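Quick notes on the structure that follows.
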Amino acid sequence: MTYEIIDTTPLDPIAQPLLAALEIEYTTRYREFRKDSAASVSEEMLRYPAELFAPPEGAFIVIQRDGKTVGGGAFKRYDTATAELKRIWTHESERRQGLARRVVEELEARALRQGYRRVYLTTGFRQPEAAGLYTSTGYEALFDRSIAPEIHFRLPFGKDLLEPGPPRIAQRSAPRRAARATVVARDDALRAHFGRNAAPRPFVHFNKAEPAMKHSKAIRSAFAVWTLGMAVAASAATTGTLNLSPDQPNRIRTAPDAAAIQAVPAAFPFASKDELVIGMTVAWPPLSTYATDEKTVVGADPDLAQLVADGLGRKLKIVVLAWEDWPLAVQSGKVDAVLSNVTVTEARKEKFDFSSYRRDVLGFYVRKASPIKAIREPKDIAGLRVITDSGTNQEKILLEWDKENVAQGLKPVQIQYYGDPAVSFVALQSGRADLILSVNSALAYEAAQKGDLRAVGAISGGWPITADLAITTRKGSGLAAPLTLLLNDLIHSGKYTQVLDRWNLGSEAVNKAVTNPPGLPKS
């Protein structure tokens, strides 16, 4: 019995048994939960351009036994440090023999060689054997296991990559095809199989040496934000205009602020002598991410935390937290404050004090060559093809704007959902969409790194209500007022603006910090 692993493309005929089997399996398992499951699976298979699964950012492998496709899988870019595994499958006759584990290991090894430090994936709640495989191979569940899996529907897992062992399966590359004729044949095969239009994609030959890359240190907390649906994290290159080096030579610093120091209650129990301990989730650039040394936290939030520590005459200590852990960290005194994109809400104000420092902003972005100049009000999006994120506040806002336009006799918006930043950017750059409405900070990072996006407008994340992001402290601790005083001094000095501009977030600046500003209402 001979196994071969072949680096190829989703358009290769040898990959079609894998895709066909996945369609049947997903349809069978989830039909009762989604009546159009067959159509939705077909759309899922076709919505990702083949080039997303090509090096240097992706891979697609097929495992054959004696010339028959019996397994395979793929990965594509999730963010600068993370690969997302997709389409992992083994033939039913090969299950419970370790083949799926081999598929995962081969994909992990390729991801590591291509420079990724982590892997992320989701599986359905009706695939317990898949969940068991991932758990047994070192993946961490990124969802609340105390809640019934069907409530989550999709179950996210994450893993930090380790140095791989030697390859366990003989490997060859798919032979180079006679370019255009083969592309047409593959596209025709896809159309025949799925019974719908499959846009032609260029065939990508994978027979290139992949340089060995330094492996990462374990960074589990970075996965925590994914459980909150923050998958809009920027799909940006590791090089560009923003500095992700650990030394941060241009970091903005300030002198101690005597008034702010004097305003801190004498009895305030700092978590550490001579230090200001700030809790922070490692979310996504430019807010907070790991530097190129894979351990130093850098970004707009760490820079602002440094200014706050300087202003209070203390050394900065950042404690990395999972998102769900920040409330307890503040209340228990583990940290003095949390500075991590926390939105002020009326419900949270019952338990915490806040010092506002940034606006919660959604951004409208277009491709650089777009004729669109500005988006300021609902009528500006009439008739446009707009990408947004399903189930989010930005979708709600977009639907409200569209409803208003239609009521006034304007053309309706064509809303597009991709559920994946990389696919969204491809759709925008290829002209399949006119505009993206999503989290401004992530899009601002993408624009700064690649230069092929352009901001044309911004609105409050709580539209029509203004939503503030704030440094969070324990209720009644007395630290909020001094922090607000310090933030306003930083605003007046210009150092606050310098920090935001340094990370391309100037559009999210506030004119004045406020203690316990109005929050988003209770739902």
Complete set of residues in region 384-438 that are closer than 25 Å to THR343 by Cβ, of a type in the set (A, V, I, L, M, F, W, C) and not in a helix (DSSP H, G or I)
VAL386, ILE387, ILE415, LEU435, ILE436, LEU437
Name the single residue, out of those in region 232-254 being among the polar types (S, T, N, Q) and over 20 Å from ASP452 (Cα atoms), that is modelled with the lowest pLDDT.
ASN250
Residue identified as of a type in the set (Asp, Glu) and at pLDDT below 90 among ASP434, ASP380, ASP389
ASP389
Condition first: polar (S, T, N, Q) and touching a helix residue (DSSP H, G or I) at 6+ places or on another chain (Cβ under 9 Å). Now tell me which residues in region 85-104 satisfy that.
THR90
Of everything in region 474-506, what is outside any loop (DSSP other than H, G, I, E, B) and free of Cβ contacts under 8 Å to residues at least 60 places away in the same chain? Give them in sequence order.
ASN488, ILE491, HIS492, THR497, ASP501, GLY506
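Residue-wise test of (1) polar (S, T, N, Q); (2) part of a strand (DSSP E or B); (3) under 22 Å from ARG253 (Cβ atoms).
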site	(1), (2), (3)
PRO302	no, no, yes
GLN306	yes, no, yes
GLU324	no, no, no
LYS334	no, no, no
PRO371	no, no, no
ARG376	no, no, no
Which condition breaks for ASP402 when tested against (1) among the charged types (D, E, K, R); (2) within 20 Å of ARG376 (Cβ to Cβ); (3) touching a Lys or Arg at 6+ places or on another chain (Cβ under 8 Å)?
(3)
Would you mention how many residues in region 45-77 are in contact with a strand residue (DSSP E or B) (Cβ under 8 Å, 6 or more places away or on another chain), at pLDDT 85 or above and under 26 Å from GLU446 (Cβ atoms)?
11
LEU437 fails exactly one of (1) over 20 Å from the mean Cα position of the chain (by Cα); (2) closer than 26 Å to VAL298 by Cα, namely (1)
Is there a residue in region 352-366 that is of a type outside the set (Asp, Glu) and in a helix (DSSP H, G or I)?
no
Test each condition in (1) modelled with pLDDT of 90 or more; (2) surrounded by fewer than 22 Cβ atoms within 10 Å (Cβ to Cβ); (3) within 23 Å of the chain's Cα centre (by Cα); (4) not assigned by TED's automatic domain parsing to the domain that holds GLU404 for VAL338 and report the one that comes out false.
(2)
Going through region 449-503 in order, the residues found to be modelled with pLDDT of 95 or more, under 25 Å from PHE270 (Cα atoms) and under 23 Å from the mean Cα position of the chain (by Cα) are ALA470, ILE471
Is it the case that some residue within region 99-122 is surrounded by fewer than 21 Cβ atoms within 10 Å (Cβ to Cβ), over 27 Å from the mean Cα position of the chain (by Cα) and not in a helix (DSSP H, G or I)?
no
Under the condition of being in contact (Cβ under 8 Å) with a residue 24 or more places away in the chain and part of a loop (DSSP other than H, G, I, E, B), which residue from region 507-516 is nearest to the chain's Cα centre (by Cα)?
ALA509
Among the numbered conditions (1) touching a residue at least 60 places away in the same chain (Cβ under 8 Å); (2) surrounded by fewer than 23 Cβ atoms within 10 Å (Cβ to Cβ); (3) not assigned by TED's automatic domain parsing to the domain that holds SER288, tell me where GLU346 comes up short.
(3)
If we scan region 321-333, do we find a residue that is at pLDDT 90 or above, crowded, with 19+ Cβ neighbours inside 10 Å and in the same structural domain as ILE491 (by TED's automatic domain parsing)?
yes
Are there any pairs with C-beta distances below 6 angstrom linking a residue in region 120-142 that is under 13 Å from ARG154 (Cβ atoms) to a residue that is of a type in the set (S, T, N, Q) and surrounded by 14 or more Cβ atoms within 10 Å (Cβ to Cβ), with the two at least 6 apart or on different chains, and if so which?
TYR120/THR82; ALA130/THR123; ALA131/THR123; LEU142/THR227
Can you find, within region 424-447, the residue that is nearest to LYS368 (Cα to Cα) among those that are in contact with a Pro (Cβ under 7 Å, 6 or more places away or on another chain) and surrounded by 19 or more Cβ atoms within 10 Å (Cβ to Cβ)?
ALA444
Picking from VAL386, VAL426, the residue that is hydrophobic (A, V, I, L, M, F, W, C), in contact (Cβ under 8 Å) with a residue 60 or more places away in the chain and not assigned by TED's automatic domain parsing to the domain that holds LEU52 would be VAL426
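The values are calculated or read from the model by the stated rules, or taken from the named source; none is laboratory data. No experiment lies behind these values; they were computed from the predicted model shown. With ideal geometry, Cβ positions are generated from the backbone for all residues, glycine too; neighbour counts draw on all protein chains shown.
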